[in-house]
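The values are calculated or read from the model by the stated rules, or taken from the named source; none is laboratory data. Just so it is clear, the model here is predicted, and its values are computed rather than measured. Neighbour counts are summed over all protein chains in view; Cβ atoms, including those assigned to glycine, are modelled from backbone coordinates with ideal geometry.
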Amino acid sequence: MILETQRLFLREMTLSDLDALLLVLGDAESMRYYPKPFDREMVEKWIDRHRCNYAQHGLGLWAMVLKATGEVIGDCGLVWQEVEGHQELEIGYHIRRDQQMQGYATEAASACQEYAFNVLDSVGVARRRHRVISLIRPENIPSRRVAEKNGLKIVQETLWRDIPHYIYAVQRSESKLLTTSNFSEA
């Protein structure tokens, strides 16, 4: 386990999560802001990619697990992204459609932001970054709301991977999460 919130655990993904993540990443409606929904092979590569990120960077997107049931309902975490020639630490999240609109993405993303500023900075993993971002397509209103609830604001528009995106960001000095303890590092 990497993080714990009131209702969730975030832990490293494993190949045993493939079927649960396929329900999220393979759902056309949930993935409408991606070029296309994932098939089984793409989800397997997704898991492998994040397992490599764990080994190389000590972070990545993590499986989002409901404490009450032990069920994987999505992913959320921190990934390095190249944006306009710079490495940025992004908070990303995907939630199974039947679990959306219940605050899980906001809760998990908040914990990841706090983790980035309070834990990663202290051990040097975040390379002393002073902000975190989320790359969000302008029409993706639900993801924009999650970012805004966690204090991120649009700082610019960009073409990322040839698709228009907003760069949402929060500076470490602006974060409301620096002194709260709504998660516990496991």
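Among the residues making up the range 1-17, those that are surrounded by 16 or more Cβ atoms within 10 Å (Cβ to Cβ), modelled with pLDDT of 95 or more and under 13 Å from Trp62 (Cα atoms) are Leu3, Glu4, Leu8, Phe9, Leu10, Arg11, Glu12, Met13, Asp17. For first residues located in the range 7-29 and of a type in the set (Phe, Trp, Tyr), partners that are in a strand (DSSP E or B) and lie 6+ apart or on another chain with Cβ distances below 7 Å form the pairs Phe9/Val65. Taking the criterion of being under 12 Å from the mean Cα position of the chain (by Cα) and within 27 Å of Asp162 (Cβ to Cβ), the residues of the range 49-80 that qualify are His50, Leu59, Gly60, Leu61, Gly74, Asp75, Cys76, Gly77, Leu78, Val79, Trp80. Scanning for something part of a helix (DSSP H, G or I), among the aromatic types (Phe, Trp, Tyr) and either at negative phi or more than 14 Å from the chain's Cα centre (by Cα) (or both), does the range 7-22 turn up at least one residue? No: zero hits. Condition (residue is under 25 Å from Arg144 (Cβ atoms), at pLDDT 95 or above and part of a loop (DSSP other than H, G, I, E, B)) applied to the range 71-89: is it met by at least one residue? No, the conditions are met nowhere in the range 71-89.
Each residue in the range 143-160 was checked for being surrounded by fewer than 13 Cβ atoms within 10 Å (Cβ to Cβ) and either in contact with a Cys (Cβ under 9 Å, 6 or more places away or on another chain) or under 15 Å from Glu90 (Cα atoms) (or both), and 1 of them qualify.
For the range 107-144, a residue qualifies if it is over 25 Å from Ile163 (Cβ atoms), of a type in the set (A, V, I, L, M) and at pLDDT 95 or above, and exactly one does: Ala111. Scanning the range 29-46 for residues that are charged (D, E, K, R), in a loop (DSSP other than H, G, I, E, B) and either in contact with an Asp or Glu (Cβ under 7 Å, 6 or more places away or on another chain) or within 21 Å of Ser16 (Cβ to Cβ) (or both) turns up just one, Asp39. Condition test on Met42, is it closer than 14 Å to Cys112 by Cβ, of a type in the set (A, V, I, L, M, F, W, C) and touching a Leu at 6+ places or on another chain (Cβ under 8 Å)? No, not satisfied.
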